[in-house]
1. Write out, first by first residue and then by second, each pair whose Cβ atoms fall under 8 Å of each other, whose residues are 6+ apart or on separate chains, and whose first residue, in segment 94-113, is assigned to a loop (DSSP other than H, G, I, E, B) while the second is buried (at least 20 other Cβ atoms within 10 Å of the Cβ) and of a type in the set (Gly, Ala, Ser).
2. Look at segment 6-32 and say how many of its residues are part of a strand (DSSP E or B) and either closer than 17 Å to Ala74 by Cβ or not aliphatic (A, V, I, L, M) (or both).
3. Return the residues of segment 77-105 that are open to solvent by less than 30 Å² (accessible area, probe 1.4 Å), under 26 Å from Asn30 (Cα atoms) and either out of contact with any Asp or Glu (no Cβ under 8 Å at 6 or more places or on another chain) or not polar (S, T, N, Q) (or both); say none if nothing qualifies.
4. Applying the selection to segment 38-57, what residues are at pLDDT 95 or above, over 14 Å from Ile78 (Cα atoms) and surrounded by fewer than 16 Cβ atoms within 10 Å (Cβ to Cβ)?
5. Yes or no: Gly35 under 30 Å from Ser115 (Cα atoms) and open to solvent by 20 Å² or more (accessible area, probe 1.4 Å)?
6. Given the residues Ala74, Ala62, which is the only one that is over 15 Å from Ser7 (Cβ atoms), open to solvent by 60 Å² or more (accessible area, probe 1.4 Å) and in a helix (DSSP H, G or I)?
7. Consider only pairs whose beta carbons are under 7 Å apart and that are at least six residues apart or on different chains; among these, list those whose first residue lies in segment 64-82 and is more than 11 Å from Ala49 (Cα to Cα) and of a type in the set (Ser, Thr, Tyr) and whose second residue is part of a strand (DSSP E or B) and open to solvent by 10 Å² or more (accessible area, probe 1.4 Å).
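The values are calculated or read from the model by the stated rules, or taken from the named source; none is laboratory data. All figures in this text were calculated on a predicted structure; none of them were measured in a lab. As a convention, Cβ positions derive from the backbone with ideal geometry for all residues, glycine included, and neighbour counts pool all protein chains shown. Remember, those area values only see protein heavy atoms, side chains included, never the ligands or the DNA or RNA. Shrake-Rupley method; radii C 1.70, N 1.55, O 1.52, S 1.80 Å.
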Amino acid sequence: QVQVVESGGGLVQPGGSLRLSCTASGATFNIGDMGWYRQAPGEQRELIAEIARNGNTISAHALEERFTISRDNAKNTIYLQMNSLTPEDTAVYSCVAVINTREYWGKGTLVTVSS
């Protein structure tokens, strides 16, 4: 049994910042890559960034200047620092954890960027 839970979403003004957290719990032995994705209204889910246990990352080129992923292996937690947010960043942000080749997804946290 694995549970993946995101937190930190909410309403932020354009130009502002947010830091999201995602924690995997339960049967997390052998936890591997974790990552952040987002889905804007009416759009497909897109990759933001993924991070391995050793800290290696892959990131969407269009976002990497403003969005930074990090990881705390001891806590089975990843973070997403989001800066210089714009209304186009409004989306449901979801976290995934890979455990024994299976993907476990959180329910997502809504980020709304608006004045």
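1. Once the first residue is assigned to a loop (DSSP other than H, G, I, E, B) and sits in segment 94-113, its partners that are buried (at least 20 other Cβ atoms within 10 Å of the Cβ) and of a type in the set (Gly, Ala, Ser) give Gly106/Ser94; Lys107/Ser94; Gly108/Ser94.
2. Residues of segment 6-32 part of a strand (DSSP E or B): 6-7, 10-12, 18-26, 31-32.
Subsequent filtering for residues that are either closer than 17 Å to Ala74 by Cβ or not aliphatic (A, V, I, L, M) (or both) retains 6-7, 10, 19, 21-26, 31-32.
Of the residues in segment 6-32, 12 are part of a strand (DSSP E or B) and either closer than 17 Å to Ala74 by Cβ or not aliphatic (A, V, I, L, M) (or both).
3. The first filter runs over segment 77-105 and keeps only residues open to solvent by less than 30 Å² (accessible area, probe 1.4 Å), leaving 77-78, 80, 82, 85, 89, 91, 93-97, 99.
With the extra rule that they be under 26 Å from Asn30 (Cα atoms), the set shrinks to 77-78, 80, 93-97, 99.
Within segment 77-105, Thr77, Ile78, Leu80, Tyr93, Cys95, Val96, Ala97, Ile99 meet the criteria.
4. Of all residues in segment 38-57, those at pLDDT 95 or above come to 38-40, 43-57.
Then drop every residue that is not over 14 Å from Ile78 (Cα atoms), which leaves 38-40, 43-47.
Result: Gln39, Ala40, Glu43, Gln44, Arg45, Glu46, Leu47.
5. Working: under 30 Å from Ser115 (Cα atoms): yes; open to solvent by 20 Å² or more (accessible area, probe 1.4 Å): no.
No: the conditions fail for Gly35.
6. On the way: Ala62 fails: in a helix (DSSP H, G or I).
So the residue among Ala74, Ala62 that is over 15 Å from Ser7 (Cβ atoms), open to solvent by 60 Å² or more (accessible area, probe 1.4 Å) and in a helix (DSSP H, G or I) is Ala74.
7. Thr77/Ser21; Thr77/Thr23
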